[in-house]
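Asks: Let me give you the structure first, and then I'll get to my questions.
The values are calculated or read from the model by the stated rules, or taken from the named source; none is laboratory data. It should be emphasised that the depicted structure is a prediction, and the values quoted were computed from it without experimental measurement. Backbone-built Cβ (ideal geometry, glycine too); neighbour counts: all protein chains shown. Accessible surface areas use protein heavy atoms only, side chains included; no ligands, DNA or RNA. Shrake-Rupley method; radii C 1.70, N 1.55, O 1.52, S 1.80 Å.
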Amino acid sequence: MPLVSKEHLKSEVLGQCASMAAHALRSGISIPAWALEAIAGADSAAPEPEPEVLRAHAELTRRIAPTRPDLLVALDLEASPSRIKQAAGPLSIARTFLLMVILSQAVFLALSPSPYLKNVKYGDIFTSSGWPLLVNELFFLSAAAVGASFSNLFDINREIAAGTFVTANRVTYWVRFILGVVGGLLLSTVLHVDAVAPSNADAARMHFQGAALALMGGFSSNVVQKLVQRLIEALESVLKGSIDQELKSRAAQQRLDMDESLSKERMSTTVFLADIRRRLAAGEDPNALSAEVSKASQDALAGELPSPA
């Protein structure tokens with residue numbers, strides 16, 4: 001069974017054609033008469049879109065580009081007679097992120113007079129606890145939420161104005177918002193504000209620098225991701241360097257041990273041959289000495305030379 005029925009497909013095509021035609025007329029974009037006639041005269045009883053309607057859809061899509069047909073349909077469906085909603089934004093997602101900006105900014109302003117923000121020790125999750133730590137974390141969290149919601153609202157309005165907003169990607173902006181809030185909180189707390197602040201900075205200034213970091217982390221979570229990735233790469237480099245150094249040290253020690261062993265074997269062989277030469281010069285039986293050399297060779301293959309007689 002197909003996921004999209006022919007009836008639904010036809011309704012989608014006609015709806016997009018109507019929205020694109022209305023947008024073109026409002027914007028002063030010329031439309032061929034045959035396209036309007038095809039849309040107006042579409043047979044509602046037909047089981048699937050007519051060829052002329054499909055041709056009109058393609059022509060309208062070309063003429064209104066880069067504006068997307070699905071965006072025009074969404075704008076028509078979400079149009080509200082309320083002036084407040086119209087002022088807040090043409091789409092519900094834009095109005096939602098505008099509300100998020102206002103709420104997060106309200107929390108930020110409400111927490112900023114708190115005396116717990118004046119002492120740097122209260123903002124360190126490793127040295128403070130309880131209500132003072134919670135106030136500081138909410139302060140940074142609200143700053144990150146301001147940055148994340150502002151970034152999404154800015155991109156959404158820009159894409160709507162350009163006509164390139166993809167209505168199917170609405171969930172992407174919520175994912176970006178969550179990532180921005182988490183990234184801003186990490187940048188201002190776990191990654192230590194005092195590591196980037198001057199050593200002689202007072203507590204209040206350091207806290208507001210932490211809020212600025214949270215705001216920047218919320219505005220662009222990619223910055224936090226790249227920062228963490230760099231830290232991981234640096235850690236991997238240190239660990240890899242330590243392992244390589246250890247392997248080199250072991251290899252060098254093995255070479256020293258092998259050279260020492262070969263030196264001992266050469267000395268033993270030299271002493272043994274000198275002893276055989278002395279005994280041969282003293283008149284001992286050559287056959288007996290030859291048998292002794294053969295036995296010494298077998299012992300050398302086994303790992304040890306005999307002591308000189």
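Asks: What does the accessible area of HIS8 come to, in Å² to the nearest 10, when a probe of 1.4 Å is used?
Replies: It works out to around 100 Å².
Asks: Let me ask something additional. When Lys and Arg each count +1 and Asp and Glu each count -1, what net charge do the other residues less than 15 Å away from MET216, Cβ to Cβ, add up to?
Replies: Working: positive: ARG176, LYS226; negative: none.
So the environment of MET216 carries a net charge of +2.
Asks: Between LEU273 and GLN253, what is the FRET efficiency for a Förster distance of 25 Å, r being their Cβ-Cβ separation, to the nearest 0.05?
Replies: Here the calculated transfer efficiency is 0.20.
Asks: Can you put ASP257, ASP275 in order of accessible area, largest first, using a 1.4 Å probe?
Replies: ASP257, ASP275
Asks: Let me ask something else about it. Largest first, what is the accessible-area ranking of LYS118, LYS10 with a 1.4 Å probe?
Replies: LYS118, LYS10
Asks: Between SER92 and ARG230, what is the label-point separation in nm under the 7 Å Cα-to-beta-carbon projection?
Replies: Using points 7 Å along Cα→Cβ, the separation is 4.1 nm.
Asks: How many nm separate the modelled label positions at ALA281 and GLU48, each set 7 Å beyond the Cα in the direction of the Cβ?
Replies: 11.1 nm
Asks: What's the local net charge at ALA145, with K and R +1, D and E -1, over the other residues with C-beta under 15 Å away?
Replies: 0
Asks: With every protein chain in place, what's the accessible area of PHE97 (1.4 Å probe, Å², nearest 10)?
Replies: Its heavy atoms expose roughly 0 Å² to the probe.
Asks: Could you state how much accessible area MET100 has, in square angstrom rounded to the nearest 10, with a 1.4 Å probe and all protein chains kept in place?
Replies: 50 Å²
Asks: What ratio of Cα Rg to 2.2 N^0.38 Å holds for region 53-168?
Replies: 1.57
Asks: Here is a follow-up. When the solvent-accessible surface of protein heavy atoms is calculated with a 1.4 angstrom probe, in what order do THR96, THR67 fall, highest first? Kindly include the intermediate steps, with their values, before the conclusion.
Replies: Working: THR96 50, THR67 25 Å².
Of THR96, THR67, the descending order of accessible area is THR96, THR67.
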